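What follows draws every value from the coordinates through simple rules; no lab data is involved. As the structure is a computational prediction, the values presented were derived from the model and not from experiment. Methodologically, a virtual Cβ is constructed for each residue, glycine included, from the backbone with ideal geometry; neighbour enumeration extends over all protein chains shown.
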Amino acid sequence: MMMFLQDSTAKQQGDSTTTALVPTAEMRTPQNVGYLQSVYVEFVLIFGGYILLSFRRNSNLRHRQQRFRGSR
Amino acid sequence: MTSASASPTIQNSERSSEMPGGIDWLLVLALVAFAAVTVRSLVYTPIEVRQGIAQKIFYVHVPAAVISLYVSCIPSAIASVMYLWLKDERLDRIAESLAEVGLVFLTMVLTSGPFWGKTTWGTWWQWDARLTTTLFLWFVLVGYLVMRGAIEEAEARARLSAVLGTMIGLLVPFIHLTVYLFPTIHPAPVILAPQKPQMSSEMLITLLSSFGAFVVLYAALLRRRYRWATARDLQQQLENQRA
């Protein structure tokens, strides 16, 4: 299946009554907006969580190195 | 571990195993770039005529998919094959880091896709070839990392991981071809297609900007992960030499 993404503000070609396609009300339904917001929340949770995990791992390793040096 | 030439002296190890502190500027740059792309996507990119505002999920979903499959899994498989050939522990660390960061991006793909699917297909999930094989890849990557954590002996861990990592690489071309080989509701590639992209220039610029931001984020996470793995292995060497 091919996907064709069409700009809603682009002018239609080959039409004697050339008009701009204005985004309809359905395009901004709360449900549609909610789905988009959910994806950005996911982005923050997934990448933010991974970045925090990486900071925590670095910190744990630093403590391990310090303990190792301190015990010599 | 496996390569004598790659095992430094204790003194050198102590210096190079130090975890770099301070601000990770590449990570900061990645987050700023992503924020800028988000603003461009939401404010300055036109709404798609049929799918509406939810189509903007495209600017997160597609770059994350391309990076996880083609920039993570394939190079991880190449590093795995090279490890089996050269037995260089750095290649094992590269493969491990690529696989883990790739898993994070693939998680983003699998969790953002259903929101877009619900809008355009009317369903959250479909057990078709593309979606199912991508989910399968996610489980294999999780298995790869769990397996690494379960094997104590470094050389055995690296060797078995390299074999599984190679298999992961073989899955990717198959996943790419599923949209051509099987009936599926998932669209064929828009960017990696033979013909020119079917979208307006503003949408294309936003998509390419998003790719750029995701690549910087990917590079920042990969660099952090690889540095941590290097410091961990050197620390382990020090502890083993002392024991």
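Counting partner chain Cβ atoms within 10 Å of every residue's Cβ in A:54-61, what's the average?
5
If you take each beta carbon of peptide B:39-52 and count the beta carbons of other chains within 10 angstrom, what is the mean?
5
Mind checking the mean number of beta-carbon atoms from other chains within 10 Å of the Cβ atoms in A:45-53? Kindly include the intermediate steps, with their values, before the conclusion.
Details: counts 3, 7, 10, 1, 2, 10, 9, 0, 1.
Mean partner-chain Cβ count within 10 Å for A:45-53: 5.
Could you order peptides B:60-72, B:205-217 by the average number of other Cβ atoms within 10 Å of their residues, highest first?
B:60-72, B:205-217
For the stretch B:89-160, calculate the relative contact order in percent as a whole number, restricting contacts to Cα pairs under 8 Å that are 6 or more residues apart. Don't skip to the answer; put the middle values down first.
Values: 28 pairs, mean separation 24.9, N = 72.
Reported relative contact order: 35 percent.
Compute the helix-to-body angle for B:89-120: its Cα long axis versus the longest principal axis of chain B, expressed 0 to 90° and rounded to tens.
For B:89-120 against chain B, the angle is about 20 degrees.
Would you kindly state the longest site-free stretch of chain B, with sites defined as GluC sites (Glu not before Pro) in a DSSP loop (not H, G, I, E, B) surrounded by at most 15 other Cβ atoms within 10 Å?
Free of exposed loop sites, the longest segment is B:19-151.
Can you compute the helix-only [θ] at 222 nm over chain B? Use -39500 (n - 2.57) per DSSP H run of at least 4 residues, normalise by all residues, nearest 500 deg cm²/dmol. If you can, show how the numbers build up before the last one.
Working: 8 runs with 168 residues, N = 243.
Mean residue ellipticity at 222 nm (helix-derived): -24000 deg cm²/dmol.
So what's the angle, to the nearest 10 degrees on a 0 to 90 scale, between helix B:74-86 and the longest Cα principal axis of chain B?
The answer is roughly 20 degrees.
Output the 0 to 90 degree angle, nearest 10, between the alpha-carbon long axis of helix B:154-181 and the longest principal axis computed from the alpha carbons of chain B.
The angle comes out near 10 degrees.
If you look at just the Cα atoms of chain B, how large are its Rg and its Dmax in Å?
20.3, 67
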